1. What is the projected area of the convex hull of the Cα atoms of the chain, averaged over all directions, in nm²?
2. From largest to smallest, what semi-axes in whole angstrom does region 1-83 give when each is the square root of 5 times an eigenvalue of its alpha carbon gyration tensor?
3. Span-like helices, the chain: DSSP H, alpha-carbon axial extent 27 Å or more, mean Kyte-Doolittle -1.0 or greater, which ones?
4. How many percent of all Cα-Cα pairs in region 175-284 sit more than 22 Å apart?
5. Using a 7 Å offset from Cα along Cα-Cβ at A133, what residues in region 87-111 end up with backbone N under 19 Å from the label point?
6. Counting other Cβ atoms within 10 Å of each Cβ, which trypsin sites (Lys or Arg not before Pro) in region 184-265 have at most 16 and sit in a DSSP loop?
7. Run through region 223-307 and list the chymotrypsin sites (Phe, Trp or Tyr not before Pro) located in a DSSP loop whose Cβ has at most 10 other Cβ atoms within 10 Å.
8. Given charges of +1 on the Cβ of Lys and Arg and -1 on the Cβ of Asp and Glu, with all other atoms neutral, how large is the dipole of the chain about its Cα centre, in debye to the nearest 20?
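Readers should treat all values here as calculations from the given coordinates under stated rules, not as data from a laboratory. These numbers come from a predicted model, not from an experiment. Here the Cβ positions follow ideal geometry from the backbone for every residue, glycine too, while neighbour counts run over all protein chains shown.
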Amino acid sequence: MYALAIHGGAGALSRPELARERDLRRGLTAALAAGERVLAADGSALDAVEAAVVVLEDAPLFNAGCGAVLTLDGTVELDAAIMSGTGLRAGAVAQVRHTKNPIRLARRVLEELPHVFLAGEGADAYAAEAGLAQVANDYFITALRREQLAALQPLPAGSQPGPGMGSGSVHTLGTVGAVARDRHGRLAAATSTGGTPGKRSGRVGDSPVIGAGTYADDASCAVSTTGDGEWFLRLVQAYDIAARLRYGGQDLARAVLEAIGERAPRLGARGGLIAIDHHGQIVMRHNTAAMLRGCVREGEQARIDID
Ligand code: ASP
């Protein structure tokens with residue numbers, strides 16, 4: 001039995017995003033179908049999460065790949081990670097500026113390098129060397145994100161962010177992720193993002209950090225998060241869910257409920273996550289107004305939700 005879940009970010013749907021509800025659903029549906037095709041052909045969970053995330057990176061409405069949010073300087077810096085729960089293999093990239101699909105680059109790091117995490121110019125240089133498509137930074141930039149940046153009021157110098165906010169960052173929907181269990185019981189997770197709108201150049205969030213935004217272990221579960229990256233880094237959020245299963249004896253639903261439904265909001269950490277365990281049980285939960293998400297299990301009807 002295979003199972004797959006995807007997300008397109010947690011937060012509140014803005015008016016322009018609400019107007020594009022149909023396109024958002026279409027993007028999620030296409031991503032879910034791409035991942036399911038891999039699993040139905042007896043492919044691996046790792047290939048499935050990569051395939052699903054590539055579709056969302058290419059869809060301009062999501063905050064990953066084309067359509068990602070802008071830094072304060074008006075450029076795009078992308079982060080992504082992928083992890084296989086079999087043998088705890090992982091690849092991660094941060095501050096990618098020219099690689100069309102950062103998740104493909106993360107996968108190449110997983111497969112080909114003795115390292116886990118590449119950042120900055122060296123990451124793009126490796127992508128070019130590996131033959132992955134390179135684009136000008138403008139390729140990623142959409143009119144919607146330019147307007148969003150213009151509407152942002154940067155915090156005055158020296159002021160502290162309020163409770164529930166990241167370090168001066170503003171949260172938006174659109175980070176993408178996927179978790180899967182294949183027919184052989186292998187788990188995988190992938191996450192890709194442009195980070196937070198108006199972030200300082202050089203800022204890296206939770207998404208590409210193994211254990212924070214992305215984690216997979218066949219012995220417990222696979223997790224992809226979205227939300228306040230500064231909080232999820234400090235909560236080591238994805239690994240916390242796996243640890244609740246491994247050491248705490250919790251089942252997936254309880255682990256996610258206690259982490260995202262109870263502990264995170266108590267601290268002021270806003271966001272959500274998708275998770276899957278080795279039985280193929282899927283849990284998707286958020287403490288924000290909305291989380292774009294979808295899931296499918298072998299032989300069952302796929303579902304997409306945007307509330
Ligand atoms: N967690 C992401 C980050 O902090 C943002 C998001 O999920 O919306 O980079």
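1. If you wrap the Cα atoms of the chain in a convex hull and average its projections, you get 14.3 nm².
2. Over the Cα atoms of region 1-83, the semi-axes work out to 25, 16, 9 Å.
3. Details: long enough: 21-40 (28 Å, -0.08).
Those that pass (Cα extent of 27 Å or more, hydropathy at least -1.0) are 21-40.
4. 25
5. Residues 96-109 fall inside that zone.
6. Numbers: sites: R186, K199, R200, R203, R234, R244, R246, R254, R263; in loops: R186, R200, R203.
Hits after loop and neighbour filter: R200.
7. Numbers: sites: W231, F232, Y239, Y247; in loops: Y247.
When the chymotrypsin sites (Phe, Trp or Tyr not before Pro) of region 223-307 are filtered for loop state and at most 10 Cβ neighbours within 10 Å, Y247 remain.
8. For this selection, approximately 500 debye.
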